[in-house]
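Asker: Questions regarding the structure given below will be posed in turn.
The values are calculated or read from the model by the stated rules, or taken from the named source; none is laboratory data. Note that this is a predicted model, so its numbers are computed, not measured. Methodologically, a virtual Cβ is constructed for each residue, glycine included, from the backbone with ideal geometry; neighbour enumeration extends over all protein chains shown. To get the accessible areas, we keep the full protein, side chains included, count just its heavy atoms, and leave off ligands, DNA and RNA. Shrake-Rupley method; radii C 1.70, N 1.55, O 1.52, S 1.80 Å.
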Amino acid sequence: MAVTAGPLAGVRVVELAGIGPGPFAAMLLADLGADVVRVDRPGGGGLAIDPAYDVTNRNKRSVLLDLKSAEGPARVLDLAERADVLIEGFRPGVAERLGVGPEHCLARNPELVYGRMTGWGQEGPLAHTAGHDIAYIAVTGALGMIGNPGEPPAVPANLVGDYAGGSLYLVIGILAALQHARTPHGAGQVVDAAIVDGTAHLTAMIHGMVAAGGWQDRRGANLLDGGCPFYGTYETSDGRYMAVGALEQQFYDTFVGLLGIEDRAPARKDLARWGELREAVAARFKSRTREEWTAVFEGTDACVAPVLSLREAPHHPHLASRGTFTEHGGITQPAPAPRFSATPTGVASGPARPGADTASVAADWDVPALLPKEA
């Protein structure tokens, strides 16, 4: 069944199946209580994992439609007519050629919010070319900021582009457009969410710092990019790491005191001696294990934390206490976020299996044509 709790309870969303940021955005809406129906294609899509483990399809329902068939587009339009939101992640022009573009859908439902998720956007010289997260964050300057000086930029998985610059901006746009559509003089509209736009937007503060002369346009030379000896990571004696973020003076004082180098640490604002400070910090961290240093800093205002793996993270005492991770259907996964006092959310169902919910969607959305024709 669809999720009925959450602040978006009653909102209907059609998701045209894709990979990456589109499904993640639809999952977020589903986590918030929307009734998300994913339109899967026969045979699935590229880069897809076993549907049983695709957590980005939790809290959704699925119907199976071939958009290249004679009946497929008509059924999508039937769903769009009854929906509040539609999400698609095709290259520009593909949805139009399939007969499920904005004009087709808005003609059936003028109040529909039509969310478009792409890397390059709906227009521009590269709009029709292929790409993935790494290329999108590369051209925005975000990738070039990450990593050590003199080394290739470090790839931050697909978190910065696909999900931060893509999915989250699509969801923000959808919610804003949904609010507008529900005002007395509002109407539906198209939300053009491009990963390059969202990722560039994420760098707003850094651009301000560059303009003010407070950020050098190169890796590992600044306060927040690992260039600062008291904002970075350090290896411990067991080959693991601790993360340090002791930026403010009072936190720095606590940090060097607990680290045991307060009598040898040069003034933190003396950039000429940052190399010396880094060596002193590194040497101390190498003297003990990650577990030992965690015990030293845990619960203090030194702003130091152990660097945990994905499997370790759910067991961190603070995250375990808050229920930051949850278990459903044998899969440990992040719990829905953020949290709401009056309309709590949760994981009500596991990953939707392609086509498994056709009957319930046909009944709930009053689209009997979704059901297979009897022989």
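Asker: Check L86, L8 and return the single one that is within 26 Å of P372 (Cβ to Cβ) and of a type outside the set (S, T, N, Q).
Answerer: L86
Asker: Looking at I19, is it open to solvent by 30 Å² or more (accessible area, probe 1.4 Å), on the phi < 0 side of the Ramachandran plot and of a type in the set (A, V, I, L, M)?
Answerer: yes
Asker: Another question, then. From the list G227, G213, G220, which residue is surrounded by 14 or more Cβ atoms within 10 Å (Cβ to Cβ), on the phi > 0 side of the Ramachandran plot and either at pLDDT below 95 or assigned to a loop (DSSP other than H, G, I, E, B) (or both)?
Answerer: The conditions single out G220.
Asker: Being among the hydroxyl-bearing types (S, T, Y), open to solvent by less than 60 Å² (accessible area, probe 1.4 Å) and in a helix (DSSP H, G or I): is that true of Y234 here? Talk me through it step by step, then tell me what you get.
Answerer: On the way: among the hydroxyl-bearing types (S, T, Y): yes; open to solvent by less than 60 Å² (accessible area, probe 1.4 Å): yes; in a helix (DSSP H, G or I): no.
Spelling it out, it is not the case that Y234 is among the hydroxyl-bearing types (S, T, Y), open to solvent by less than 60 Å² (accessible area, probe 1.4 Å) and in a helix (DSSP H, G or I).
Asker: Here's a check for you: in the range 338-356, which residue that is open to solvent by 60 Å² or more (accessible area, probe 1.4 Å) and among the small types (G, A, S) is nearest to V37 (Cα to Cα)?
Answerer: Per the criteria, the residue is A356.
Asker: May I ask you to list the residues in the range 106-129 that are assigned to a loop (DSSP other than H, G, I, E, B), of a type in the set (A, V, I, L, M) and in contact (Cβ under 8 Å) with a residue 24 or more places away in the chain?
Answerer: L112, A127, listed by residue number.
Asker: Quick test of your reading of the structure: K269 fulfils all but one of (1) open to solvent by 30 Å² or more (accessible area, probe 1.4 Å); (2) in contact with a strand residue (DSSP E or B) (Cβ under 9 Å, 6 or more places away or on another chain); (3) not hydrophobic (A, V, I, L, M, F, W, C). Name the failing condition by number.
Answerer: For K269, the failing item is (2).
Asker: Residue under question is A135, and the condition is that it be farther than 26 Å from L223 by Cβ and without any contact (Cβ under 8 Å) to a residue 60 or more places away in the chain; does it hold?
Answerer: Considered against the rule, which asks whether it is farther than 26 Å from L223 by Cβ and without any contact (Cβ under 8 Å) to a residue 60 or more places away in the chain, A135 comes out as yes.
Asker: Checking the conditions here, which among T300, T254 is in contact with a Leu (Cβ under 9 Å, 6 or more places away or on another chain), of a type in the set (V, I, T) and modelled with pLDDT of 95 or more?
Answerer: It is T300.
Asker: Further question: Within the range 109-125, take every residue that is closer than 26 Å to M205 by Cβ and of a type outside the set (G, A, S) and give me the one that is most open to solvent (accessible area, probe 1.4 Å). Talk me through it step by step, then tell me what you get.
Answerer: First pass over the range 109-125, keeping only residues closer than 26 Å to M205 by Cβ: 117-121, 124.
With of a type outside the set (G, A, S) added as a condition, the list becomes 117-118, 120.
Details: M117: 8, T118: 15, W120: 44 Å².
Of everything passing the filter in the range 109-125, W120 is most open to solvent (accessible area, probe 1.4 Å).
Asker: Something else: Starting from the range 291-302, keep only residues that are touching a residue at least 40 places away in the same chain (Cβ under 8 Å) and farther than 14 Å from E235 by Cβ, then list their pairs with residues that are among the hydroxyl-bearing types (S, T, Y) and surrounded by 13 or more Cβ atoms within 10 Å (Cβ to Cβ) whose Cβ atoms are within a distance under 8 Å, requiring at least 6 positions of separation or different chains.
Answerer: Pairs found: T300/T254; D301/T254; A302/T254.
Asker: Moving to a separate point now. Given the criteria open to solvent by 10 Å² or more (accessible area, probe 1.4 Å) and either at pLDDT 95 or above or in contact with a Leu (Cβ under 8 Å, 6 or more places away or on another chain) (or both), does L86 qualify?
Answerer: no
Asker: Could you please find all residues in the range 357-372 being part of a loop (DSSP other than H, G, I, E, B), open to solvent by 60 Å² or more (accessible area, probe 1.4 Å) and either modelled with pLDDT of 95 or more or among the charged types (D, E, K, R) (or both)?
Answerer: Taking the range 357-372 and keeping what is part of a loop (DSSP other than H, G, I, E, B), we get 357, 365-367, 371-372.
Checking which are open to solvent by 60 Å² or more (accessible area, probe 1.4 Å) leaves us with 366, 371-372.
Matches in the range 357-372: D366 only.
Every residue, every condition in (1) touching a helix residue (DSSP H, G or I) at 6+ places or on another chain (Cβ under 7 Å); (2) more than 29 Å from G350 (Cα to Cα); (3) part of a helix (DSSP H, G or I), yes or no:
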site: I49; (1), (2), (3): no, no, no
site: S62; (1), (2), (3): no, no, no
site: D66; (1), (2), (3): yes, no, no
site: P73; (1), (2), (3): yes, no, yes
site: L77; (1), (2), (3): yes, no, yes
site: L86; (1), (2), (3): yes, no, no
site: P92; (1), (2), (3): no, yes, no
site: V100; (1), (2), (3): yes, no, no
site: H104; (1), (2), (3): yes, yes, yes
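Asker: Now for a different question. Which condition breaks for R61 when tested against (1) touching a strand residue (DSSP E or B) at 6+ places or on another chain (Cβ under 8 Å); (2) within 26 Å of A164 (Cα to Cα); (3) open to solvent by 20 Å² or more (accessible area, probe 1.4 Å)?
Answerer: With respect to (1) touching a strand residue (DSSP E or B) at 6+ places or on another chain (Cβ under 8 Å); (2) within 26 Å of A164 (Cα to Cα); (3) open to solvent by 20 Å² or more (accessible area, probe 1.4 Å), R61 is out only on (3).
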